[in-house]
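Reviewing the structure listed below.
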Amino acid sequence: MSSDSIKAYDLPERVRRYDADMDVMHPLRWKMIAVALEVLPFSRSTDLRILDLGIGTGVFAQQLLKEFPSAQVLGVDGSEAILEIATARLSRYSNRLRLEAHDFRKLPRGLLDESTLDLAVSSYALHHLNKDEKSDVVRQVVGALKTGGWFVNADIVIAESPCIENRFQDLRVKGIVARAEGDERFRDEPVTRQYLDDMEKKEQDQPQRLAVDLQIFREAGLDAEVFWREYREVVVGGPKRA
Ligand SMILES: C[S@@+](CC[C@H](N)C(=O)[O-])C[C@H]1O[C@@H](n2cnc3c(N)ncnc32)[C@H](O)[C@@H]1O
């Protein structure tokens, strides 16, 4: 896999502490997954075909597999190391789960058949792509949804105004320092800021403005809306238009 955003997650040490780090850096991840689940209009007994794009350690997929006991989940991620963690986490669901290692930007032909998916989800993964790459993969995913099938994305965005973005970033850093008791990487605000800058560079973070993400989803064929937002974290998506 060639992408730097994949290499950054293909390190055993990074993925071993990934979930603990997410609780420090993105404690709202659980809330966002809960909102995504709540908004879905499917009956709990439907045998859904679901894609989790950038499944990571499998936290979102775990909730889906629990909530929809007849669903089948395909989890795609570029990092083999993180897929090992997902395999272990989701072992009790192995008969309803398929995990595949692919770069989002080069998904193999035939992985996503036209109009076969009921639901696609993604969390904290698509901001690793630039706008064009994100548009391409979203188009492929929406193409693979049945009409009326849903795509829900939980991710980060940047503010419209640099002044507000600076304020979001200040709040972000303060929150991390307050939550990260005893972790030297986050011992004060300047050290934390530097750590985040280095990490985002390594992982090729390139979040877009919310308006851009909505445009990408709508142009791909979704009736996309914002379901939830707190500062720089959002849950957006909706059903595929007829
Ligand atoms: C921040 S993690 C999010 C994981 C999980 N969805 C979550 O909510 O915790 C981003 C994930 O996207 C994957 N990723 C980043 N760029 C990718 C790419 N170009 N192709 C495939 N996977 C990619 C990484 O390997 C990583 O597992």
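Just so you know, all these numbers are worked out from the coordinates, no wet-lab data involved. Just so it is clear, the structure is predicted and the values come from calculations on it, not from any experiment. As a convention, Cβ positions derive from the backbone with ideal geometry for all residues, glycine included, and neighbour counts pool all protein chains shown.
Worth pointing out:
- Neighbourhood charge, 9 Å Cβ-Cβ cut-off, centred on D223 and excluding it, Lys, Arg +1 and Asp, Glu -1: +2
- Amide N of the stretch 186-200 lying under 14 Å from the label point, which is placed 7 angstrom from the Cα of K174 along Cα→Cβ: 189-190
- Database remark: amide H of L51 closer than 5 angstrom to the amide H of L74, L119, A120, V121 (H placed geometrically; neighbours at sequence offset of 5 or more, or on other chains; Pro and chain starts carry no H).
- Here K31 is the anchor, and the lysines within straight C-alpha reach of less than 30 Å, apart from those fewer than 8 places off in the same chain, are K7, K66, K131, K134, K146, K174, K201, K202, K240.
- Magnitude of the charge dipole for the chain, about its Cα centre and with charges confined to Cβ atoms of Lys, Arg (+1) and Asp, Glu (-1), is about 500 debye.
- With K and R counted +1 and D and E -1, the other residues having a Cβ less than 14 Å from that of D47 yield a net charge of +2.
- Gaussian network model of the chain, Cα within-10 Å springs - most flexible of S115, S135, S79: S115
- For the stretch 116-132, Karplus couplings with θ = phi - 60° (6.51, -1.76, 1.60), whole Hz, Gly/Pro x: 10, 9, 8, 8, 10, 10, 7, 9, 6, 10, 6, 6, 7, 9, 7, 4, 5
- Put a dot 7 Å past the Cα of R92, heading toward its Cβ, do the same for R209, and the two dots end up 4.6 nm apart.
- Rounded to 10°, Cα long-axis angle of helix 29-39 versus longest principal axis of the chain: 30 degrees
- Using a Förster distance of 30 Å, the FRET efficiency for I164-E38 (Cβ separation, nearest 0.05): 0.65
- Whole-number D in µm² s⁻¹ for the chain, Kirkwood Cα-pair radius fed into Stokes-Einstein, 25 °C, 0.890 mPa s: 134 µm²/s
- Within the chain, percent of DSSP bridges classed antiparallel, to nearest 5: 40 percent
- Amide H contacts of R209 (H built 1.01 Å from N, under 5 Å, at least 5 apart or other chain): I158
- Principal-axis analysis of the Cα atoms of the chain puts helix 210-220 at an angle of about 20° to the longest axis.
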